[in-house]
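Values quoted throughout were computed directly from the atomic coordinates according to the rules given, and no laboratory measurement underlies them. What you are looking at is a predicted structure, and each value in this text was computed from that prediction instead of being measured. Here Cβ is always computed from backbone atoms with ideal geometry, including for glycine, and neighbour counts include all displayed protein chains.
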Amino acid sequence: MADPLNELRQKIAIAMRVLAMQGCVSDILGHVSARIPDTDEMFIRCRGGNERGLIYTDVQQIRRLGFSEKAGVMLDGFMVPQEVAIHGEIYKSRRDVNAIVHAHPYASLICGVAGLKFRPVVGAYDPTVLAIAARGVPVYPRSVLINSVPLATELIAAIGTANCCLMKGHGITTVGSSVEGAALLALRLEKLAQITLELSRLGKSSDISAEDMDFFGGVIRQGISAFVPEGDKWIWVHLVELLRDGVGIPQDL
């Protein structure tokens, strides 16, 4: 019988590799976590062991920590992330969140520094990207390392009830009900940032019409499942297959 906790660790490791493959995280900067059901603990990507960078993450780097673990300490040879408070404090404050991604993607960084606003400029090209723009992306205005509870509390206040946040001069944080959901949201937010950045370079853009916004109302409210019931599942399977054909997945994943 499969061990559900080990499966959860495997999901986090695979998500780290997918995010790295897609350029949403790089080298050793960024982390994914998941709430351990019915506990005040989480699994989170730590640094150590056979450390080769995020794209080579395996289950040994996915460690079990309490929500109030101290930043930067060494536990069993693994370093707790400096920004572990992002994860622990969000889990404490939002029972709807089961997974969190914190990343430093380039286009999102530039959009934040330049003060570029995410607009609903695409429709059928990718309705999930439209949904992010339509819902709005809150901005955390400071570029500090979120390495304390007070700073994490500031970030949580900025996020509010949203599922993603642009962190000016820093990166992004996304949350979801599953590891796959939080990771896909991070990838889609970065895609929106790439589109926004390119349009700013061209010096021209326009929002889609109100009529077309109404057409995609279902996706804005409930995600890709409004059009393709198993869309997120299939997209995730596709990304994992790309990963298998690229850097590969260790046997224990």
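Brief remarks follow.
- Share of pairwise Cα separations in the chain, more than 26 Å, in percent: 38 percent
- On the beta carbon distance between LEU145 and VAL73, with R0 = 22 Å, the FRET formula returns roughly 0.90.
- Label-to-label distance, nm, for residues given as VAL113 and THR153 (7 Å Cα→Cβ offset): 3.1 nm
- Gyration tensor analysis over the Cα atoms of region 24-86 returns equivalent ellipsoid semi-axes of 18, 12, 11 Å (largest first, whole Å).
- 3J(HN,Hα) from dihedral phi, region 139-155, Karplus parametrisation 6.51/-1.76/1.60, rounded to Hz, x for glycine, proline: 10, 8, x, 9, 10, 6, 6, 7, 10, 8, 4, x, 5, 5, 5, 4, 4
- Fewest-first sequence of VAL137, VAL32, VAL228 by Cβ atoms within 10 Å of each Cβ: VAL228, VAL137, VAL32
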